[in-house]
Amino acid sequence: MIYFDEQTGIFHLQGRKTSYLIQKNQQNHLFHLFWGSRLAKRFPDYLLKEIKRASYLADTDHIKEYKLERLPQEYPAFGNSDLRKPAFQLSYKNGTNISDFRYDSHEILAGKPTLTGLPSLRDSKGCETLVIHLMDSVQKVKMRLFYTLYQEADVITRHTELENYGECDVEINQMNSACVELPTMDVELLHLSGRWAHEAGIQRTALSQLNYRIESLRGGSSHEHNPFIALVEKETNEQFGKAYSMNLVYSGNFEATVDVDQQEAVRMQIGINSTTFGWNLNPEATFVTPEAVLVFSDQGLQELSHKYHNIYQNHLLAPQFAQKERPIVVNSWEASYFDLKEENLLQLAQSSKDLGVEMFVLDDGWFGKRDDTSSSLGDWFVDQHKFPAGLSAFIEKIKKLGLAFGIWVEPEMISEDSELYRAHPDWCVEVPGRLKSYSRGQWVLDLANHEVQDYLIDTMSALFREYAIDYVKWDWNRSITEAGSNVLLAAQQKEFYHRYVLGLYRVVGTLTERFPAILFENCAGGGGRNDPGMLYYMPQSWASDDTDAIERLSIQEGTSLIYPPITMGCHVSQVPNHQIGRVTPLETRGIVAMQGNFGYEMDLSKLSPVERLKIKEQIAQYKKIRETVQLGKFYRLSTSEKSNAKAWQYSKDSQIVVSYVQVQARPNFASKRLRLVDLVSKGLYELPNGEKRYGDELMMFGLAIDPVKEDYFSQQWVLKKVED
Ligand code: DGJ
């Protein structure tokens, strides 16, 4: 529930386990009072008073030392007595950039208003929205701060709107989606970082008096940093400790910052990256920031993940896919790359079907004259040399085998050697007179251009209509460089990056609405745009281009911190692994890929009889546990050897699935056990060998790990609760 207390001016957003408090003072400034564990319906106005800066309550601005800097701000402006990093900065016609927004009114709405043109968590029963209206009395600009409380899910979303009701343009230089302050720097910064083929590594850093910045300048949310930031108590582990986090529902350049001030207070913010952003707000126009999802946990990272998984699965993903089990796919990429031959592909499909696979995905190389990365992006018509009888005839054969059919596209890109480029050379992202850098031999289409957006919508619609397509893998394989648009005016060029993202959302929004039965998979050279913005439209993501099972352990662990397993694409691939050359056992590759949406990225028509047998068993095993993996609750388990072994658990109804992977064998092996979590203490569980154990025993003593002398050894247990 959201409460407002007139007397103290305090707003109390009270979730199932969380409270968030904002206070306005007599001068109508907004202060961030508290975010943390749930409080009773209280309005503690002594908190601000007890900060040693007594004048904050004065009923006039004209007092000695009204230092906003000493007080925790809810949405700090630039240019006043708070000289820390602001949440927004505007420039006005008179050349100044000082703002002073004060509380004007507020409303508490049932449900949630939508964010025009942007993805956001969906409205749900039981959510309420607080809108705080602010005014700058010198400049004719209104600001609205939005807070939606998802009561049961215990999650708060925030965004800001700015409306220009004056007669002159207002320039937005920076506008964050959310800002919070913690009174202590005795916390660590936690974020997910990496690079191409090595995404989402969990990083933890102790804070000192510094400004920290996690960002993307690549045009997409990036492999380098996920648009996620958290502050966690030093002791926080999976099950204990507090964690305060923000995740931005946005797929472009973002910044997430933490600033420790001279009094050791900590300000954490997230929003569009101000380095590559500017916006002219014309009279009567409104600017809407992306949405930030705020999740607090006082029971460690496990609860944090559960809150994200629950809200994303149920309120972010397209509803028709939220609870829908995903097919087991075979993807042609690592099996054939560009060397697509109909006969081989049909053999691959036939063998895959025999093994139990449910969907065939035709990856890159089926269109134009694409035999390598140097050509054809933009030419979304079938290569007749590779499919002489046409794509429909090929798909028909696939479907006759009893497989669903998926296809790869990379619509936002253009090759120099393409019919599209010859017809529309001006449709590229470019700055006239400047070098247009290639990356992977390709350029980026200007999605800030409405004509390009319409073209993509029409071309993709025609493709999806013409062919019996069940699944689309939507790829994006390079960053944006030399950013500029041929259709934007000089004053709008600074808006390019954000306009690109808005254009992308218009394209994917229209297509996913037009083709609701198609399962879209988001990919950007793996996890280069794995963010809640894309997940809103595409209910799953290819987690990484690195398919090595051991590399995948940390990639999937980091990804699982925020994103639910049902959204995480994980495939078994060949050995030696194509990205790093490692040889791992097929069992381990299978167990690691079973952490999310399972599939194969290898030539299943060229297996030894033993491999065939093992893969058949693997697929049968995944089908037995799929519901639990995709619709159950996920837990990262503690192992005694942190980086040398990873373990995880899923629970749904009476099924518990536990997986363990050890990286390197160690000599003089002490017997090890793996403790499970969140079982029914008195419940009786049957182990795969038929033995039975009580829940409390499994949680306290754990399962015995086999002492195997082998690198990359793995083990999986499927337990059944036989008595409550
Ligand atoms: C990058 C993707 O992540 C791969 O899986 C594959 O689809 C290639 N692109 C195709 O070019």
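The values are calculated or read from the model by the stated rules, or taken from the named source; none is laboratory data. Just so it is clear, the model here is predicted, and its values are computed rather than measured. Counting neighbours? That spans all protein chains shown, and the Cβs are built from the backbone with ideal geometry, glycine included. Accessible surface is based on the protein model in full, side chains and every heavy atom, while ligands, DNA and RNA are left aside. Shrake-Rupley method; radii C 1.70, N 1.55, O 1.52, S 1.80 Å.
Summary table
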{"item": "Some residue of the range 546-563 being within 19 Å of Gly406 (Cβ to Cβ) and assigned by TED's automatic domain parsing to the domain that holds Tyr622", "result": "yes"}
{"item": "Single condition Gly356 does not satisfy, out of (1) in contact with a helix residue (DSSP H, G or I) (Cβ under 8 Å, 6 or more places away or on another chain); (2) of a type outside the set (Val, Ile, Thr); (3) at negative phi", "result": "(3)"}
{"item": "Cross-chain or 6+ apart pairs with Cβ under 7 Å, the range 386-415 first and closer than 20 Å to Trp474 by Cβ and at pLDDT 95 or above, then within 16 Å of the ligand (Cβ to nearest atom) and in a helix (DSSP H, G or I)", "result": "none"}
{"item": "Hits in the range 362-395 (condition: more than 13 Å from the ligand (Cβ to nearest atom) and not in a loop (DSSP other than H, G, I, E, B))", "result": "Val382, Leu391, Ser392, Ala393, Phe394, Ile395"}
{"item": "Residue satisfying condition, being buried (at least 20 other Cβ atoms within 10 Å of the Cβ), closer than 25 Å to Glu451 by Cα and hydroxyl-bearing (Ser, Thr, Tyr), within set Ser418, Ser375", "result": "Ser418"}
{"item": "Contacts under 7 angstrom Cβ, first residue in the range 452-481 being under 24 Å from Glu430 (Cα atoms), partner open to solvent by 50 Å² or more (accessible area, probe 1.4 Å), 6 or more apart", "result": "Gln453/Arg506; Asn477/Arg440; Arg478/Arg440; Ser479/Arg218; Ile480/Arg218"}
{"item": "Qualifying residues in the range 87-116 (those that are among the polar types (S, T, N, Q) and free of Cβ contacts under 8 Å to residues at least 24 places away in the same chain) - the one least open to solvent (accessible area, probe 1.4 Å)", "result": "Thr96"}
{"item": "Test: Trp474 is open to solvent by 10 Å² or more (accessible area, probe 1.4 Å) and either under 25 Å from Gly527 (Cβ atoms) or within 16 Å of the ligand (Cβ to nearest atom) (or both)", "result": "no"}
{"item": "Selection count where residues are more than 32 Å from the chain's Cα centre (by Cα) and either away from the ligand (no atom under 16 Å from the Cβ) or under 23 Å from Asp548 (Cα atoms) (or both), scope the range 319-349", "result": "8"}
{"item": "Residue within the range 537-547 that is modelled with pLDDT of 95 or more and either assigned to a helix (DSSP H, G or I) or of a type in the set (Lys, Arg) (or both) present", "result": "yes"}
{"item": "Residues located in the range 239-257, provided they are part of a strand (DSSP E or B) and either touching a Lys or Arg at 6+ places or on another chain (Cβ under 7 Å) or surrounded by fewer than 21 Cβ atoms within 10 Å (Cβ to Cβ) (or both)", "result": "Gly241, Glu255, Thr257"}
{"item": "Contacts under 6 angstrom Cβ, first residue in the range 433-445 being open to solvent by 50 Å² or more (accessible area, probe 1.4 Å), partner within 13 Å of the ligand (Cβ to nearest atom), 6 or more apart", "result": "Arg440/Thr373; Arg440/Asn477; Arg440/Arg478"}
{"item": "Residue selected from the range 505-549 under the condition of a type in the set (A, V, I, L, M), more than 13 Å from the ligand (Cβ to nearest atom) and touching a Phe, Trp or Tyr at 6+ places or on another chain (Cβ under 6 Å), by the criterion farthest from Arg465 (Cα to Cα)", "result": "Met538"}
{"item": "Residue count for the range 127-174, restricted to those that are touching a Lys or Arg at 6+ places or on another chain (Cβ under 7 Å), over 30 Å from Leu304 (Cβ atoms) and buried (at least 23 other Cβ atoms within 10 Å of the Cβ)", "result": "1"}
{"item": "Any hit, the range 398-417, residues being of a type in the set (Ser, Thr, Tyr), under 30 Å from Phe598 (Cβ atoms) and either away from the ligand (no atom under 13 Å from the Cβ) or assigned by TED's automatic domain parsing to the domain that holds Trp542 (or both)", "result": "no"}
{"item": "Lone qualifier among Val722, Val718, Val661 - being of a type in the set (Val, Ile, Thr) and either surrounded by 20 or more Cβ atoms within 10 Å (Cβ to Cβ) or assigned to a loop (DSSP other than H, G, I, E, B) (or both)", "result": "Val661"}
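A quick yes/no check of all residues on (1) touching a strand residue (DSSP E or B) at 6+ places or on another chain (Cβ under 8 Å); (2) loosely packed, with under 13 Cβ neighbours inside 10 Å; (3) under 22 Å from Glu551 (Cα atoms):
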residue	(1), (2), (3)
Lys623	no, no, no
Arg636	yes, no, yes
Ser640	yes, yes, yes
Ser643	no, yes, yes
Ser654	yes, no, no
Ala670	no, yes, no
Ser681	yes, yes, no
Asn689	no, yes, no
Gly695	yes, no, no
